[in-house]
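Beneath this line is the structure, given in structure tokens, with notes to follow.
Just so you know, all these numbers are worked out from the coordinates, no wet-lab data involved. Keep in mind that what you see is a predicted model, and the values were worked out from it rather than measured. Cβ sites come from the backbone with ideal geometry, for glycine too, and all protein chains shown count toward neighbours.
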């Protein structure tokens, strides 16, 4: 049975009011995980979760308010630490690694009453856009078990859309919140870089990867910001705290804001069916919100090869003490990256830096002309669960980097972006509409997504999810 067919916020409010028992919801969640065919949860801590849920119920009975996510069971993506649980990064190499402490985000969720039920599947080191590993196997999309929930937050998105938990943590370094959200019919908010801290022991990394959630509703994404965002001394790039995200949600008029619609961003080859769904959703959103459409040329730079090298130092750092003995334990993409590492030179880093500057300039130029940009999230509908990444869009051959060409601009520039459910393909699979705004305009994107949610409500769980 689905532990809660509505969103996480309504569940927390029901538990806080004493109308629903956190222990009962958790048991339904654990039973759903145990019976699921999705392979979304790769580690479960029933004893720890039961103890946490019981404590929430005791606090409510005593008249205490446990917090904004009181009693909500959730999964933490297996790239993020939960004290006492494995952090395997989806890799055989780290199959025995146990985290010593919670991440800053997880600690803040605990403080807000969330019940950590376990860990969610991720592709190896979060560097692949479908979720299938040698350690944990293939994770499946609840809308169609033959299709992928994307990556790298595929386990999180599958669990939320599949009715196993109402919300889950996610990370995004090139589309890993937005793509799984789009493929599973969820909301995926990638904030301005630094909005949610990444500590402790924050690596500089590619200066693109950030934390957040995949959620069933826009309200849940706003509440997540109220809990998880704000400065942390252990992340030198974290932004100052802003309060009242949920309270202010929907309070801003969008009328007259300038919007450009460019489904392919001038950088990707997208399927005609995807383009039609995205344009139809964009038209409806523009009309309902009273936005002002601006006809302007959108041609964002694209250099997938340069982008791919941004993660190489990160990967080498993880595997340097295990390579080459571990090569047979690695998935194809990760092994390929490690084999390419010896030819990495300063000019590769220089090419990435040039690409970063070009992207930032292009985004800055574009947002002098518009306030919002609407496009697709993925060029295609969800592809095969086992992969590989599509090399054709319809009859057109594409580069292996085409799948990320629509999401990489936000990651490379640090601009906020959100994936909003836009509609279904003829085969019944979800497609996401992506909206971009200027840095620090996260609240604008949440308001825009709320406008779409009100005008064209979407299913909160996949049709095949148990309810």
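With each run of n ≥ 4 DSSP H residues scored as -39500 (n - 2.57), what mean residue ellipticity at 222 nm is computed for the chain after dividing by its residue count and rounding to the nearest 500 deg cm²/dmol? Can you show the working numbers first?
On the way: 15 runs with 163 residues, N = 467.
When only DSSP H runs of four or more count, the value is -10500 deg cm²/dmol.
Provide the packing ranking of 170-179, 273-282, 238-247, i.e. peptides ordered by the mean count of other C-beta atoms within 10 Å per residue, highest first. Numbers along the way, then the final one.
Working: 170-179: 30.5, 273-282: 19.8, 238-247: 15.0.
Peptide ranking by packing, descending: 170-179, 273-282, 238-247.
What ranking of 356, 345 emerges when the number of other C-beta atoms within 10 Å of each C-beta is taken as an exposure proxy, fewest first? Please report the intermediate quantities before stating the final value.
On the way: 356 20, 345 9.
With the fewest neighbours first, 356, 345 line up as 345, 356.
Based on the alpha-carbon set only, what is the convex hull volume of the stretch 273-428 divided per residue, in Å³? Spell out each step's value before the answer.
Working: hull volume 23.0 nm³, N = 156.
Value for the stretch 273-428: 147 Å³ per residue.
Using Cβ contacts closer than 10 Å as the measure, can you line up 184, 213 from fewest to most? Please report the intermediate quantities before stating the final value.
On the way: 184 34, 213 31.
Least crowded to most crowded, the residues run 213, 184.
Just want to confirm a number: the relative contact order over the stretch 8-455, from Cα pairs under 8 angstrom separated by 6+ residues, in percent. Mind showing how you got there, number by number?
Values: 1051 pairs, mean separation 76.2, N = 448.
After rounding, I find 17 percent.
How do 427, 152 line up, fewest other C-beta atoms within 10 Å first?
Working: 427 11, 152 33.
Least to most surrounded, the residues fall as 427, 152.
Tell me, what is the Rg over Rh of the stretch 336-424, with Rh the Kirkwood radius over Cα pairs?
Details: Rg = 16.2 Å, Rh = 15.9 Å.
Computed over Cα atoms, the ratio is 1.02.
Which of the three applies to the stretch 84-154, rounded, prolate or oblate, going by the alpha-carbon gyration tensor with a ≥ b ≥ c and a/c under 1.5 meaning rounded?
Numbers: a/c = 2.48, a/b = 1.44, b/c = 1.73.
Here the stretch 84-154 falls in the oblate category.
Going by the alpha-carbon gyration tensor, a ≥ b ≥ c the square roots of its eigenvalues, is the chain rounded (a/c under 1.5) or, if a/c is not under 1.5, prolate (a/b greater than b/c) versus oblate?
Values: a/c = 1.45, a/b = 1.12, b/c = 1.29.
Verdict is rounded for the chain.
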